[in-house]
Amino acid sequence: MPLKELLTKKITEMQEQVKTILKEHGEKVLSQATVSQAYGGMRDIKCMVWETSLLDPMEGIRFRGYSIPEVREKLPKAKGGEEPLPEGIFWLLLTGELPSKKDVREVTKEWQARSEIPKEVWKTLNALPKNMHPMTQFSIGILALQPYSLFSKKYEEGLPKAQYWDPTYEDMMNLLAQLPAIAAYIYRRTYKDGKRVRGKKALDWGANFAHMMGIDNPEYSELMRLYLVLHCDHEGGNVSAHTTHLVGSALSDPYYSLSAGMDGLAGPLHGLANQEVLHWIQNLMKKLGGKLPTKDELSKALWDTLNSGQVIPGYGHAVLRKTDPRYVAQREFALKHMPEDEHFKLVSMIYEVAPDILTKHGKAKNPWPNVDAHSGVLQWYYGVREYDFYSVLFGVSRAMGVLAQLVWDRALGLPLERPKSVTTEWIKQNVVNK
Ligand code: CMX
């Protein structure tokens, strides 16, 4: 069944289910918020719905019920490839069903057909300083596409609420078709010869993205596919997901919503951590004259970072309490393709040493590595050494999850988000003095 037809069927079923749940169980309690949670970043308060994935603190992410090893095994692969195609994870996130090979081919074709980018968007990008951070350029690139939003146009024409999801879907498909070319051009204009590399119709989404960046290496295409699958979604409370959802709840169109989400991804505690990891590793190797550290030297460097009040990038997580399975998947890729790489060896050493040190340090609730602890060294190995760019790669992938959910937000008619805030004075009067 074609994607949009399948989605329409799923939406009708889910609308019924949600209506019944709300009618019969709407008053039941999911979670209560404590004073610590109000001051503490709202950790663990269950107060929003996110259909595309769910994060278990011990096991890690499941996309529509499938773990990372399962999606790596079950999703269709490129011809001759072993890693799952991002088109497949997108289909799964959006519909909840595993796609066939034919299904993913259709998604590739549809994204190819929608991939032409208006001239004005290139002009906007060309007007930006080349030394502007790639994430800033990326967010502006998304906003430059906003005038072409079908949702905004239809909304202005008076589209009824029940149909909001339809132009949101169209905007999502256009955005996903166009983001790789925007991102690749940012890469080329910031670090290379500034010439755009045209996409190739025969290539899948991930391989074409790599090609447009100027890298035609089948092994890197495999990494790109894996990377785009692993970073696509991490339930709803993380900053990029929640921001996209929150901004979208004002009925801001998918372009505004995604651009805002990307601004959140650009923070060092979120998506920027992948570049910080590489920065940290390189600094250490530079200090040691390009050599790998001994375990003692590594321990000292980690303690120095902690004692100077900085975080160890790539370690810890707001929800996870075990090694991130996205880290494990990238480690498996490295063991297969680049076991002798020096940076990879250092990342592996940090994995042996840092958890114990973070535990002794006694602050981080999770001493284990997250996705960002590994991704940079893989990019570096294949020649993408401009680490300011890594969060843009993360962003292209994350767009799949947050936009798929935005379609569901509209399909389920989720309203404007407006949690209640209180002041410290209110807490004193209503909690402390009671
Ligand atoms: N190194 C040193 N200290 C750390 C730490 C780390 N890797 N992780 C957490 N801590 C500290 C926190 O800074 C906090 O200290 P204060 O009490 O002084 O503020 C304390 O431990 C408790 O924090 P927590 O509850 O364990 O972690 P949070 O939920 O507040 O934050 C995260 C989670 C990811 C921001 C944090 O672990 C961190 O800063 N890690 C390093 C940056 C990073 O890797 N970010 C990427 C996350 C994945 C992603 O979103 O892309």
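In region 230-336, which helices (runs of 4 or more DSSP H) lie fully inside it and hold 3 or more residues that are within 26 Å of residue 70 (Cβ to Cβ)? Lay out the reasoning, then the answer.
Details: elements: 239-249, 254-265, 273-287, 295-307.
Counting at least 3 such residues, we get 239-249.
Here is a yes/no grid of residues against (1) at pLDDT below 95; (2) of a type in the set (Val, Ile, Thr); (3) surrounded by fewer than 18 Cβ atoms within 10 Å (Cβ to Cβ):
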{"position": "366", "(1), (2), (3)": "no, no, no"}
{"position": "370", "(1), (2), (3)": "no, no, no"}
{"position": "389", "(1), (2), (3)": "no, no, no"}
{"position": "396", "(1), (2), (3)": "no, yes, no"}
{"position": "405", "(1), (2), (3)": "no, no, no"}
{"position": "414", "(1), (2), (3)": "no, no, yes"}
{"position": "420", "(1), (2), (3)": "no, no, yes"}
{"position": "424", "(1), (2), (3)": "no, yes, yes"}
{"position": "427", "(1), (2), (3)": "no, yes, yes"}
Next item on the list: Enumerate the helices (runs of 4 or more DSSP H) found wholly within region 1-87, keeping only those where 2 or more residues are away from the ligand (no atom under 16 Å from the Cβ).
Entry: 3-25, 68-74
Next item on the list: Would you tally the residues in region 78-87 being surrounded by fewer than 24 Cβ atoms within 10 Å (Cβ to Cβ) and more than 17 Å from residue 332 (Cα to Cα)?
Entry: 3
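To keep it simple, each residue is scored yes or no on (1) of a type in the set (Phe, Trp, Tyr); (2) out of contact with any strand residue (DSSP E or B) (no Cβ under 9 Å at 6 or more places or on another chain); (3) in contact (Cβ under 8 Å) with a residue 24 or more places away in the chain.
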position: 69; (1), (2), (3): no, yes, yes
position: 79; (1), (2), (3): no, yes, no
position: 83; (1), (2), (3): no, no, yes
position: 92; (1), (2), (3): no, no, yes
position: 100; (1), (2), (3): no, yes, yes
position: 107; (1), (2), (3): no, yes, yes
Note to self: So in region 303-349, with the set limited to residues that are touching a residue at least 24 places away in the same chain (Cβ under 8 Å) and out of contact with any helix residue (DSSP H, G or I) (no Cβ under 9 Å at 6 or more places or on another chain), which one is nearest to the ligand (Cβ to nearest atom)?
What the structure shows: 318
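The values are calculated or read from the model by the stated rules, or taken from the named source; none is laboratory data. Please read all numbers here as calculations on a predicted model, not as lab measurements. Counting neighbours? That spans all protein chains shown, and the Cβs are built from the backbone with ideal geometry, glycine included.
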